[in-house]
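Below: one structure, written as structure tokens.
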Amino acid sequence: MLTIAALLAATSGCLLLALSQRRHWQAVTRTASRAPSSVRPAGWGMIGASLVLVVMREGTSFGALLWPMLIGVSALITVAILALNPALLASLAKLLADRGG
Amino acid sequence: MARITPDFRHAMHWAHTWLGVVLGIVMFAVFWMGTLTIFAPEIDQWMIPETRIVHDERDVSYDHLLAQIPPEARASDYINFVVPSERHPAIGFFYQGADDTFHDNALDPATGQPLEQTDSLAGSGFFYPFHLSLMIEWQNLGYWIVGLAALAMLILLVSGLFIHRKIIAEFFVFRPHRKARRATLDLHNLSSLIGLPFYFLMPFSGLLIFAFLYLPWGISEAFDGDMDAAYAEMTGDYAVPARSGRTAPLASVDAMKRKAEALWSAEEGVPVKTNLVRVLNHGDANAVVYFRNTFPDDRVVLSEYVAVFDGPSGRLIRNFSLPPIGEASAWIQGAHFMQFGHWPLRWLYFLGGLGGCVMIATGMLFWLRSRESRLANASLGYRVVEALTIGGVSGIILATGAFLIANRLLPADATMVGTGRAGLEIRVFWLVWLGTYLHAAILRERAWGQQCWAIAAAGVTAVMLNAATTSNNFLTASWSGHRAVAIMDIVLLAGAGLAACTAMRLTARTDPLGAPAALPAE
Amino acid sequence: MAGAIQHDGAARIVWRLLAGFGGGYALVSAFVAASGKLLPLIGMARGDAVSLALMLALLVYVPICLLMFATRHPVRDGLAVLAVATALVLLARIV
């Protein structure tokens, strides 16, 4: 359970970090705007949360091995979405723009 | 960055390119075989069906086993048992015979009798040593080549970071629909960055594991030339005295084992179990019984505890535990061996290993593609690298498939010009691998797609042969608890599927009618 | 004569590789030996001293190799690597 939560946190963190970059935000929203400035810190926050969750579940010894790999998987998921179907993130982007802008 | 001058970046580019081209195939082979080694126990069970035992949690009695060993073993100076576990359900048993040869057996935990095994080196006997030393035993040359490749990989990773100008900006970028060169480089960058901590950890920890082999002078000089003292202090090895010639019965090994585990568990605070039971100078007054917890199931650290007992009396001679920094080193090494019981991590390592293979292969592919227009028809060097790349990537994978197929097809008593069945399986591997190089040299770019199709066919064939020649296929295996066989068959089928997809993409690319229409850019 | 690697002739490149991989190996071996002799003097167990040096070894070796690839003064820097290696060997021998 905690591991799934960690994976979700890591993935959302990666998605937020990607969206905070101009090229990806513009590909997703199909506009020339930029993401709100809170998106990037939120992304890092989620990444940090995933680390905490992994260590809570696995301890530091296994956690040190598991967490970097979890981040790798999350990054891969993010890249896949952005490469194959960025429009999937359009509603997320809209939500962030409405709340943060 | 102001400090990274163009000259520095060029130098890193030069180093990255040259090391990559020269050692790329070695690195791929090591990574491929390493990825397979993660599942060596499962591969062993698949290839040696007699060891497909469902693990029983009951403790084995080593006194009982010792009472049943053959006379030649009874007189041996070196008898070794590997304690069974879920992934190694048969008891490993090997001893040094009178003629200094090693006899290797798997014992049935229920009866203590040797299992009638298919003669095969399988994962632990072939893939694992291949990963360590490329099967080049002469003067440990293979270990040195692998070590050089490991060092090169670390240099490549660091230099790669310096070359990649827009790491942050392009971290999440992958453009599969762009031209082959761009897509290949994107995939190379992507696979490198995603698994970077893992790709750094593996060669680093691998080199550390063989530190005694790679830096013998440094270590022995620190111990004033006394290598035995170095081993004893750093790994817990015990220098066993020679046989005295006087016979003496062995005290209860099971009692000693319980005592060792009690001591270790008290020190660690959690239960610690033995993995290795070794009897030295069996039957002699100088007999010694040696216990080690080589691969704990619940921790990353490996091999922290050694207990040595006097054989005839059962008295504890030495209780070793790793000192603090030794334990940190053992953690790093344990992270490489990955023998602990953590299945999600095991599968992540497998994906990481495959990712490493993708990283290396796409690196070499990019080298070829970026010189294709200039050199493809003009340079012998290009043709050599091309043939080596194809043979070294799809070729070695295909050879692995052929090895598995040979395992299922060769009759139990197969011999040919003095080579036993296990050796014949290896021959098939080498012959098919050599064939893929020739195929690649002649057919050049078309060989990629053809070899990928062959890999797909091999994967499916292997699974069907397993179902035909043994009593468990992946459907029945998961029900009856033979998880190893189920995993293996599923991975083979998944691999076959992946190879087929790759083959389709590759043959589409060399289609003279042109690549699929490019989609709107990112 | 100074110059970047991509302009170097074969001889200078061979020197860079020998000094980097070979000289670096010598330096790292000597580093392990010297650490194994020196650190126990401040109370560390010898086995631990060597374990620590072995873990640090690659963090020394890889930068040396990168240095020899990147430097614009390969002769000077290669000789420096060899000099340090020699010094460490002597240090290990003396202690």
Item to complete: Confirm whether A:Met69 is touching a residue at least 12 places away in the same chain (Cβ under 8 Å) and either under 30 Å from B:His177 (Cβ atoms) or away from chain B (no Cβ under 13 Å) (or both).
Response: no
Worksheet entry | Where B:Ile4 falls short, out of the listed (1) away from every other protein chain (no Cβ under 14 Å); (2) in a loop (DSSP other than H, G, I, E, B); (3) in contact (Cβ under 8 Å) with a residue 40 or more places away in the chain | (1)
Practice prompt. Mind counting the residues in region B:172-207 that are away from chain A (no Cβ under 14 Å) and at pLDDT 95 or above?
Written response: 3
Fill in: Flag for C:Ala19 being more than 10 Å from every other protein chain (Cβ to nearest Cβ) and touching a residue at least 12 places away in the same chain (Cβ under 8 Å)
yes
Discussion item. Being more than 15 Å from the chain's Cα centre (by Cα) and within 11 Å of chain B (Cβ to nearest Cβ) is the requirement here; does A:Leu82 meet it?
Written reply: no
Worksheet item: Consider B:Asp413 against the criteria (1) out of contact with any helix residue (DSSP H, G or I) (no Cβ under 6 Å at 6 or more places or on another chain); (2) assigned to a helix (DSSP H, G or I); (3) acidic (Asp, Glu): it satisfies all of them except one. Which criterion is unmet?
Response: (2)
Worksheet entry | Search result, residues across region B:7-21 that are touching a residue at least 24 places away in the same chain (Cβ under 8 Å) and either of a type in the set (A, V, I, L, M) or in contact with a His (Cβ under 9 Å, 6 or more places away or on another chain) (or both) | B:Met12, B:Ala15, B:Leu19, B:Val21
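Yes/no matrix, rows are residues, columns are (1) β-branched (Val, Ile, Thr); (2) touching a residue at least 60 places away in the same chain (Cβ under 8 Å):
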position: B:Ala262; (1), (2): no, no
position: B:Val277; (1), (2): yes, yes
position: B:Ala287; (1), (2): no, no
position: B:Arg292; (1), (2): no, no
position: B:Val308; (1), (2): yes, yes
position: B:Arg315; (1), (2): no, no
position: B:Ala335; (1), (2): no, yes
position: B:Pro344; (1), (2): no, no
Response to the item:
Residue pairs qualifying under the 6 Å Cβ cut-off, at least six apart or on distinct chains, with the first in region B:59-84 being in the same structural domain as B:Asp108 (by TED's automatic domain parsing) and the second being of a type in the set (A, V, I, L, M, F, W, C) and part of a helix (DSSP H, G or I), are B:Tyr62/B:Val253; B:Asp63/B:Val253; B:Ile79/B:Ala73
Worksheet item: Before we move on, is B:Val146 of a type outside the set (Phe, Trp, Tyr) and either surrounded by fewer than 19 Cβ atoms within 10 Å (Cβ to Cβ) or within 13 Å of chain A (Cβ to nearest Cβ) (or both)?
Response: no
Practice prompt. State which residue is surrounded by the most Cβ atoms within 10 Å (Cβ to Cβ) when the search covers only region C:53-95 and only residues that are in a helix (DSSP H, G or I) and of a type in the set (D, E, K, R).
Written response: C:Asp77
Practice prompt. Can you tell me which residue within region B:339-348, out of those that are farther than 12 Å from A:Leu66 by Cα and buried (at least 20 other Cβ atoms within 10 Å of the Cβ), is nearest to the other protein chains (Cβ to nearest Cβ)?
Written response: B:Phe340
Response to the item:
Looking across region B:157-171 at residues that are under 31 Å from the mean Cα position of the chain (by Cα) and facing another protein chain (nearest Cβ under 10 Å), the single one that is surrounded by the most Cβ atoms within 10 Å (Cβ to Cβ) is B:Ser159
Practice prompt. Could you figure out which of (1) out of contact with any Leu (no Cβ under 9 Å at 6 or more places or on another chain); (2) of a type outside the set (Asp, Glu); (3) surrounded by fewer than 23 Cβ atoms within 10 Å (Cβ to Cβ) isn't true of B:Leu23?
Written response: (1)
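This table checks each residue for (1) surrounded by fewer than 21 Cβ atoms within 10 Å (Cβ to Cβ); (2) over 21 Å from the mean Cα position of the chain (by Cα).
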| site | (1), (2) |
| --- | --- |
| B:Val393 | no, no |
| B:Ala402 | no, no |
| B:Leu409 | yes, yes |
| B:Asp413 | yes, yes |
| B:Met416 | yes, yes |
| B:Ile426 | yes, no |
| B:Val432 | no, no |
| B:Thr436 | no, yes |
| B:Ile442 | yes, yes |
Discussion item. Residues that are exposed (fewer than 15 other Cβ atoms within 10 Å of the Cβ), in a helix (DSSP H, G or I), in the same structural domain as B:Met27 (by TED's automatic domain parsing) and without any contact (Cβ under 8 Å) to a residue 24 or more places away in the chain: does region B:478-492 have at least one?
Written reply: yes
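The values are calculated or read from the model by the stated rules, or taken from the named source; none is laboratory data. On a predicted model such as this, the values are computed, not experimentally measured, just so you know. With ideal geometry, Cβ positions are generated from the backbone for all residues, glycine too; neighbour counts draw on all protein chains shown.
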